[in-house]
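Scroll down for the structure; my scribbles are underneath it.
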């Protein structure tokens, strides 16, 4: 979840003048087509792709649907942040907004971008606060207990060939074996964090009401 890039992208396109049906409803909250279009541009950019390079309609639909799923998850995380009473300080919001202001070169240019995107400074600060709160809930899910030595050893043995290939060694010495276990521990933590984040999002989806309209 690249918050700075997402906020920057949000201000990169002009506001649509005509209201259109939302792309999705998340527990009754609309995700607008405009928000989807802006996020989709960010989504493709992160993957090194340009919208004009997508010729296959099925590929376009798949990528757009993946981007919409991301936005649905972000809305679920924001709603969960509200339920948990997550707060983001004014200092954190101001720091993020100042970073964006600097990216646009001048306050005047930044404020014009805000106006073009349908924001004023207050509403954009609120939007940024929502994004930061949602991101905090998501990152909190990565706080999994550190695996003990037995768990690490079991994970290493279950994937020994893969670890040895990555290290380009046979773990024949104590130092090499220790390096392999350190790598196993790092990868096990990454795996547990990914599973925890997936479980959180799945729980929020199962408990909520999500309707795709796009």
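Among (i) 20.7, 69; (ii) 21.4, 68; (iii) 19.9, 59, which is the computed Rg and Dmax of the Cα atoms in Å? Computed from these coordinates, Rg and Dmax of the Cα atoms in Å corresponds to label (ii). Modelled label positions at residue 179 and residue 126, each set 7 Å beyond Cα in the direction of Cβ, lie 5.6 nm from each other.
No lab work stands behind these numbers, since they all come straight from the coordinates. What you see is a predicted model; the values in this text were computed from it and never measured. With ideal geometry, Cβ positions are generated from the backbone for all residues, glycine too; neighbour counts draw on all protein chains shown.
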